[in-house]
Structure formats: structure tokens, C-alpha cells
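The values are calculated or read from the model by the stated rules, or taken from the named source; none is laboratory data. From a predicted model like this one, the values you see are computed outputs, not experimental measurements. Note that we place each Cβ from the backbone using ideal geometry, even for glycine, and neighbour counts take in every protein chain shown. Protein only, heavy atoms only, side chains kept; ligands, DNA and RNA dropped before computing areas. Shrake-Rupley method; radii C 1.70, N 1.55, O 1.52, S 1.80 Å.
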Amino acid sequence: PGNVGALTNLVVRGPVTFTVRDLDVYTVAASVPFGAFTLGVNYARTEYESGAGAQQNVGRAGLGLRYNLSPRSFFYSALSMATGDLKEYIATKRVFQLGLRHAF
């Protein structure tokens with residue numbers, strides 16, 4: 001509630017340009033272990049609406065896989081892609097990650 005006034009300065013530029021009156025954001029995610037592997041999926045979406053009712057949205061869908069080497073180390077790989085009305089206005093539309101993590 002304390003930040004609602006800040007939306008008066010937020011302008012969405014896309015197929016339709018407008019000042020945002022309402023902002024809704026949500027994320028849905030799940031992960032499922034399969035032995036040493038863990039499969040994860042995620043979807044995040046932001047919806048913008050003007051005072052006149054114009055609406056635009058942007059989201060990101062992702063899929064990842066993790067392989068546990070030990071309780072403190074794992075390999076991971078993930079791919080995510082932009083979705084929605086404003087996806088063409090995102091600089092990085094696709095992201096691929098590959099790495100090794102170790103907790104000390």
C-alpha cells in the first residue's frame with residue numbers, strides 16, 4: 001500500500017503506450033526430484049493496466065535441470081524465454097544457463 005503512489009510515474013511503452021494505474025504480478029513454480037536429478041519449472045507474469053482500461057503484459061517461462069554431485073555441489077542447466085505482449089521490448093528474450101555450484 002505504501003508504494004501505490006509510485007505507479008503514477010510508470011509508463012509502459014509497447015504496442016500501446018500508457019501510464020500504469022494498476023499492476024499485478026505473479027509467479028508459479030514447481031520442482032520435482034528424481035534421484036540425483038531435480039526438474040524445475042517456473043512462470044512469472046506482470047500485467048499492466050491504464051486508467052482507460054488498456055492492458056499489456058510480459059512474462060518469462062523457464063525450465064531447469066539440476067544434478068546433485070554431493071550434498072553441497074551440483075551441476076545445473078536452465079532455459080527461459082520471454083512471453084506476452086511486451087516480449088519484443090525485452091532486451092534478453094532467451095536465457096540459457098549452465099554451471100556448477102559448490103557451497104563452502
Would you please name the residue that is farthest from A36 (Cα to Cα), looking only at residues in region 71-98 that are part of a loop (DSSP other than H, G, I, E, B) and open to solvent by 50 Å² or more (accessible area, probe 1.4 Å)? D85
For region 2-11, state whether one or more residues are β-branched (V, I, T), surrounded by 13 or more Cβ atoms within 10 Å (Cβ to Cβ), at pLDDT below 80 and outside any strand (DSSP E or B). no
Scanning region 32-64 residue by residue, the ones that are open to solvent by 80 Å² or more (accessible area, probe 1.4 Å) and closer than 24 Å to A103 by Cα total 4
Does D22 satisfy the condition of being charged (D, E, K, R), open to solvent by less than 80 Å² (accessible area, probe 1.4 Å), part of a loop (DSSP other than H, G, I, E, B) and touching a residue at least 12 places away in the same chain (Cβ under 8 Å)? no
Kindly establish whether V41 is closer than 22 Å to T19 by Cβ and in a strand (DSSP E or B). no
